[in-house]
C-alpha cells in the first residue's frame, strides 16, 4: 500500500475552522517570506504608521486621497516603503 486512502467524518463547521486555521498559518508564513519585494520593504499599516510617525486615520486619508501608493488584495493593505518615502519626499520638495 503505497498511497492508502483514509476516510473520516467531520462536521462541516469544524472542517471550516480547521481549514481557516491552516490557511491563516500558510498565509502568515508566506507573508513573512514576502516582506521583502524586488522594489523594497513591504509593510502593513501598523508598521508604516510606526515608520512615519502618523496615525491610522492619517494613512487612511492619504490612501483615499491617492497621496501614497499602496497594494490592496481584498481587505489586506500593504505598502512598499521605498515608493511611499519617494512620493512623500517629492511632495515635500514641491511644496517648498
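The values are calculated or read from the model by the stated rules, or taken from the named source; none is laboratory data. The structure displayed is predicted, hence computed values, not measured ones. FYI the Cβ positions are ideal-geometry reconstructions off the backbone, even for glycines, and counts take in every protein chain you see.
Some values worked out for this structure:
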{"read-out": "Residue among 81, 43, 85, 59 that alone is surrounded by 15 or more Cβ atoms within 10 Å (Cβ to Cβ), closer than 18 Å to residue 28 by Cα and touching a helix residue (DSSP H, G or I) at 6+ places or on another chain (Cβ under 9 Å)", "value": "43"}
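Here's the yes/no breakdown for (1) closer than 30 Å to residue 69 by Cβ; (2) modelled with pLDDT of 90 or more:
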site: 1; (1), (2): no, no
site: 8; (1), (2): no, no
site: 12; (1), (2): no, yes
site: 32; (1), (2): yes, no
site: 36; (1), (2): yes, no
site: 39; (1), (2): yes, no
site: 49; (1), (2): yes, yes
